[in-house]
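S.K.: Take a look at this one; I'll ask things after.
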Amino acid sequence: MMQRLDLRGRSLSLRELREGLPRAQFDVDAALHTVEPICAAVRERGAEALKDFAEQYDGVRPQRLRVPAAALQAALAQLDPDVRAALEVSIDRARRVHADQVRTATTTQVTDGGTVTERWVPVDRVGLYVPGGRAVYPSSVVMNVVPAQLAGVGSLAVASPPQKETTGELAGYPHPSILAACALLGVEEVYAVGGAQAVAALAYGFTDGEDVCEPVSLVTGPGNIYVAAAKRLLKGVIGIDAEAGPTEIAILADAGADPEYVAADLISQAEHDPLAASVLVTDSAGLAEAVTAAVARRAAATKHSERVIEALTGPQSAIVLVDDLEQGLAVVNAYAAEHLEVITSDAPALAARVRNAGAIFVGPYSPVSLGDYAAGSNHVLPTGGCACHSSGLSVQSFLRGIHVIDYSREALAEVAAHVVTLAQAEDLPAHGEAVTARFETMAER
């Protein structure tokens, strides 16, 4: 079912590895042509454009874009008790992990009378996007909202597509489980807006009758290619977390790994999207054969088998054979997966040497699904190889570091000559004069 890529006996450079490893094709630039008129229409026509796009793309025209408080509470009241309990566990564990990420101000005494303090200040207002296409993701509400709240963000707005299947008092609103998750977290500002138009709505703001959605400073959360394109287009108007692409899993495994575990984990990510990437890197030909058989059997039996099989047989998925785990480590570091599982005899030691991954799952009992829901970690992670330079969503994503410089006259005098020298070296004499002016006598003025 899955293609084979045999790297045994080959010594490849980083460039060759990056070019040769399978990767989903995700052309955000091509999608820009589609989202540009959408974003322009939202900026010019506001709520009416948003309702038009909901009717066109989601099959339902909301009468009101903002979800009333009563609907949020109704969704929570109707939520399956087991789902509620699972969400409460997810929220509790996420809060515990993310609470340890909160930054505190630090002051450095550079010299007598001269200090630099770094203050961490939350973004004033953020927009949190929650997908609602092939699947709905109440877990993404948790992953976006918890770090923003712990960062101290004072104003949160959640946007998610309206669902044409919902009826009664929740008709025309996002999926009830998403609304319930918002209610559990105390989020009161929720909008029935999806896709690229949601990013534009959050960036520009809009008025819908008596409801006013003020512009946000930052938009976070995963979405499809059009959401990613809108983020790219509007970056600068807003800050963004990342341009999320199709999900991906890489598994580094040796002969001791259970092929059923490996196959189940490869399939779990393939379930998301036909473009999802599932990659096994192993030094064991026997494991490769056993996983191939297990994948074929499990993929045919799973609920979303058509989607899974399309993803696993696509060019973005493969079983990669390597000479040994050292070469395997080089391969996974070059691939920089969104999710990396390490299932080897020395998994903790090997995982500690991984430098490029959105999140690392160590050993046979730490599947990616655990991180998706209840490990306490965040599942909004960099994709498409971006884990070599970017991090997943965290409290830090919602904070800005501000340096506060406080020097006395004596402290400035101590370093004044150096400032003047460097200003002259850069041919910016007025920079130096801004310092020397403070030591001129009244007569010199």
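S.K.: Name every residue in the range 397-432 that is without any contact (Cβ under 8 Å) to a residue 24 or more places away in the chain and surrounded by 13 or more Cβ atoms within 10 Å (Cβ to Cβ), in order of residue number.
M.R.: Once the filter is applied, which keeps residues that are without any contact (Cβ under 8 Å) to a residue 24 or more places away in the chain and surrounded by 13 or more Cβ atoms within 10 Å (Cβ to Cβ), the range 397-432 yields Ala416, Val419, Val420, Ala423, His431, Gly432.
S.K.: Can you name the condition, by its number, that Gly20 falls short on among (1) exposed (fewer than 14 other Cβ atoms within 10 Å of the Cβ); (2) not assigned by TED's automatic domain parsing to the domain that holds Val142?
M.R.: The single condition Gly20 does not satisfy is (1).
S.K.: Out of the range 24-40, which residues are of a type in the set (Asp, Glu) and under 19 Å from the mean Cα position of the chain (by Cα)?
M.R.: Listed by number, the list holds a single entry, Asp27.
S.K.: Being out of contact with any Ser or Thr (no Cβ under 6 Å at 6 or more places or on another chain), at pLDDT 95 or above, farther than 21 Å from Gly195 by Cα and not basic (Lys, Arg) is true for just one of Ala49, Ala40, Ala70. Which residue is that?
M.R.: Among Ala49, Ala40, Ala70, only Ala70 is out of contact with any Ser or Thr (no Cβ under 6 Å at 6 or more places or on another chain), at pLDDT 95 or above, farther than 21 Å from Gly195 by Cα and not basic (Lys, Arg).
S.K.: Continuing with this model, one more query. Under 7 Å between Cβ atoms, at least 6 apart or on separate chains: pull out the pairs that start in the range 39-65 with a residue that is more than 21 Å from Pro131 (Cβ to Cβ) and end on any residue that is among the β-branched types (Val, Ile, Thr) and not in a helix (DSSP H, G or I).
M.R.: Once the first residue is more than 21 Å from Pro131 (Cβ to Cβ) and sits in the range 39-65, its partners that are among the β-branched types (Val, Ile, Thr) and not in a helix (DSSP H, G or I) give Gly46/Thr207; Ala47/Thr207.
S.K.: Let me ask you something else. When the residues of the range 267-279 are narrowed to those that are out of contact with any helix residue (DSSP H, G or I) (no Cβ under 6 Å at 6 or more places or on another chain) and hydrophobic (A, V, I, L, M, F, W, C), which ends up surrounded by the fewest Cβ atoms within 10 Å (Cβ to Cβ)?
M.R.: Looking at the filtered set, the residue picked out is Leu275.
S.K.: Kindly indicate the residue of the range 362-401 that is touching a Ser or Thr at 6+ places or on another chain (Cβ under 9 Å) and not in a loop (DSSP other than H, G, I, E, B) and also nearest to Leu280 (Cα to Cα) among those meeting that condition.
M.R.: Among residues in the range 362-401 that are touching a Ser or Thr at 6+ places or on another chain (Cβ under 9 Å) and not in a loop (DSSP other than H, G, I, E, B), the one nearest to Leu280 (Cα to Cα) is Val368.
S.K.: Can you report the number of residues in the range 38-60 which are surrounded by 15 or more Cβ atoms within 10 Å (Cβ to Cβ) and closer than 15 Å to Thr167 by Cα?
M.R.: Here the count works out to 2.
S.K.: List every residue pair whose Cβ atoms sit under 9 Å apart, with the two residues 6 or more apart in sequence or on different chains, where the first one lies in the range 1-29 and is on the phi < 0 side of the Ramachandran plot and modelled with pLDDT under 95 and the second, anywhere, is of a type in the set (D, E, K, R) and part of a helix (DSSP H, G or I).
M.R.: Going by the 9 Å Cβ cut-off, the qualifying pairs are Arg10/Glu16; Val28/Lys231; Val28/Arg232; Asp29/Arg232.
S.K.: Condition first: in a loop (DSSP other than H, G, I, E, B) and either among the aromatic types (Phe, Trp, Tyr) or farther than 15 Å from Ser377 by Cα (or both). Now tell me which residues in the range 70-117 satisfy that.
M.R.: Passing the criteria: Leu79, Asp80, Arg103, Thr104, Ala105, Asp112, Gly113.
S.K.: Is at least one residue of the range 221-239 among the hydroxyl-bearing types (Ser, Thr, Tyr) and buried (at least 24 other Cβ atoms within 10 Å of the Cβ)?
M.R.: Within the range 221-239 (the criterion being among the hydroxyl-bearing types (Ser, Thr, Tyr) and buried (at least 24 other Cβ atoms within 10 Å of the Cβ)), the answer is no, since none of the residues qualifies.
S.K.: Additional query: Looking at the range 292-344 only, could you name the residues that are over 19 Å from Ala253 (Cα atoms), more than 28 Å from the chain's Cα centre (by Cα) and small (Gly, Ala, Ser)?
M.R.: Ala300, Ala301
S.K.: Out of Leu370, Leu393, report the one residue that is surrounded by 17 or more Cβ atoms within 10 Å (Cβ to Cβ) and either in contact with a Lys or Arg (Cβ under 7 Å, 6 or more places away or on another chain) or under 22 Å from Ser139 (Cα atoms) (or both).
M.R.: Only one candidate passes the filter, namely Leu393.
S.K.: Only one of (1) modelled with pLDDT of 95 or more; (2) assigned to a loop (DSSP other than H, G, I, E, B) fails for Ala417. Which number is that?
M.R.: Failed condition: (2).
S.K.: Let me ask another. When the range 285-341 is examined, which residues are found to be without any contact (Cβ under 8 Å) to a residue 40 or more places away in the chain, buried (at least 19 other Cβ atoms within 10 Å of the Cβ) and small (Gly, Ala, Ser)?
M.R.: Within the range 285-341, Ala294 is the sole residue that qualifies.
The values are calculated or read from the model by the stated rules, or taken from the named source; none is laboratory data. Source: prediction; values computed, not measured. All Cβ positions, glycine included, derive from the backbone under ideal geometry; neighbour counts span all protein chains shown.
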